[in-house]
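Asker: Can you keep this structure in mind? I'll have questions shortly.
The values are calculated or read from the model by the stated rules, or taken from the named source; none is laboratory data. Owing to the predicted nature of the structure, the values given are computational and were not obtained by experimental measurement. As a convention, Cβ positions derive from the backbone with ideal geometry for all residues, glycine included, and neighbour counts pool all protein chains shown. The accessibility values were calculated without ligands, DNA or RNA, using every heavy atom of the protein model including side chains. Shrake-Rupley method; radii C 1.70, N 1.55, O 1.52, S 1.80 Å.
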Amino acid sequence: MSPTPCISVLLTSYNREDFIADAIESVLAQSLTDFELIVCDDRSSDRTVEIAHAYAARDARIRISVNERNLGDYSNRRQVARLARGTFLKYHDSDDVMYRHCLSTMFDLLDAEPRAAFALSGPGGWPGAPCPMLLTPRLAYEREFLGSGLFQLGPASALFRTDAFNALGGFPEVAYSGDYLFWMHACTKVNVLLVPGDLFYYRLHSGQEIAKPANVAAYARANGEAWRLLNSPECPLSGDTLLRARRNFIFTRAREIYHHVRGRRFGAAVTALRHDGLRLSDWASYLRLPQRHPDAGTPAPGGR
């Protein structure tokens, strides 16, 4: 491994003894081999660290760090980023599996597009045009608020230029919604490159952060920040496009609350209303049927 590897793969872990071996092996199997793998454990009480050390003993590209105390999900993501030496950063969750071509696909396309600060890969193809697609801040916001969405992706969906990631401040230390908040703010400032999807296996299980009911309030507060951005000078949208974005946003919030009530999750509905920062005047002004198109946020032909 070179002193400055091409990619730092950042794997945060907490009590993942059932999954971490698969996660590590999928990194070691990558067709792009110029990487370091940093496992940053958040004080696991099971065999997670033991398993990680067994792999590190066999491959010098692996480094293990164990926090002095439990930091929590996004604080641990910030911690592992401080340890990175690579020119690019790639988060890899300790319960996921990268397909063999993941790093090479993302790196080749991002390296060839210097105008982009980071690349994003979704669970499938991106509507509108073939990849890669370079999105300006305006196009990224159009895709999120007028199209099929963009900011719902997790940290493992991205490959970052390390300098750009650090300049953007990294993921905020906010439980559950740190990724959503990062995409919202980053995409007001920098270009993002959409690359082919389905580059890793996203494992669903009951121990995930997304499965915890306590995160309803965090998600609602993140929505409040999204609404603030849609009403601030930072927002890259304007005119009728901005009006439709606000209406679509309010409709989505109303639909979420309706589903909470229909599912008899009344506490979740109240929590969402309490923390999303929306006023009665906002609901009255913008609650309309949505106007979305899956191709929204697609660059003009020839513009990549």
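Asker: Only bridges with both residues in the chain count here: give the DSSP antiparallel percent, nearest 5. All intermediate terms of the calculation are to be shown ahead of the outcome.
Answerer: Numbers: 11 of 32 bridges.
Looking only at bridges with both residues in the chain, the antiparallel portion is about 35 percent.
Asker: Length gain on complete extension for the stretch Arg138 to Ala284, per 0.36 nm per residue less the alpha carbon to alpha carbon distance? Numbers along the way, then the final one.
Answerer: Working: separation 146, 0.36 × 146 = 52.56 nm, distance 2.62 nm.
Extending this stretch completely gives an extra 49.9 nm.
Asker: I've got another one for you. How far is helix 73-82 tilted, in degrees, relative to the longest principal axis of the Cα atoms in the chain, given as a value from 0 to 90 rounded to the nearest 10?
Answerer: 50 degrees
Asker: Where a ≥ b ≥ c are the square roots of the eigenvalues of the C-alpha gyration tensor, would you call segment 17-85 rounded, which needs a/c under 1.5, or, failing that, prolate if a/b is larger than b/c, or oblate?
Answerer: oblate
Asker: Remind me, relative contact order of the chain in percent, using alpha carbon pairs under 8 angstrom and six or more residues apart?
Answerer: Relative contact order, the chain: 21 percent.
Asker: Quick one: angle between helix 239-262 and the longest Cα principal axis of the chain, in degrees between 0 and 90, rounded to 10, please.
Answerer: Around 80 degrees separate the two axes.
Asker: Ranked highest first by the average count of other Cβ atoms within 10 Å around their residues, in what order do 149-157, 175-183, 62-70 fall?
Answerer: Working: 149-157: 18.7, 175-183: 21.9, 62-70: 14.7.
Ranked from most to least packed, the peptides come out as 175-183, 149-157, 62-70.
Asker: Measure nothing fancy, just the Cα-based angle from helix 266-275's long axis to the longest principal axis of the chain, in degrees from 0 to 90, nearest 10.
Answerer: The answer is roughly 80 degrees.
Asker: Using Cα pairs under 8 angstrom and six or more residues apart, how large is the relative contact order of segment 209-304, in percent?
Answerer: Relative contact order comes out at 40 percent.
Asker: When the accessible area of the chain is split by element with a 1.4 Å probe, what percent falls to carbon and sulfur?
Answerer: The value for the chain is 53 percent carbon and sulfur by accessible area.
Asker: Something else about it: With the contact rule set at Cα under 8 Å and sequence spacing of 6 or more, what percent relative contact order holds for segment 9-114?
Answerer: 43 percent
Asker: Here's another thing I want to ask about it. Charges only on Cβ, +1 for Lys and Arg, -1 for Asp and Glu: so what's the dipole of the chain about the Cα centre, in debye to the nearest 20?
Answerer: Approximately 1140 debye in magnitude.
Asker: A further question follows. Counting Lys and Arg as +1 and Asp and Glu as -1, what is the net charge of the other residues whose Cβ lies under 14 Å from the Cβ of His259?
Answerer: +4
Asker: Might you tell me the accessible area per residue for the chain, computed with a 1.4 Å probe and given in Å²?
Answerer: About 45 Å² of surface per residue is accessible.
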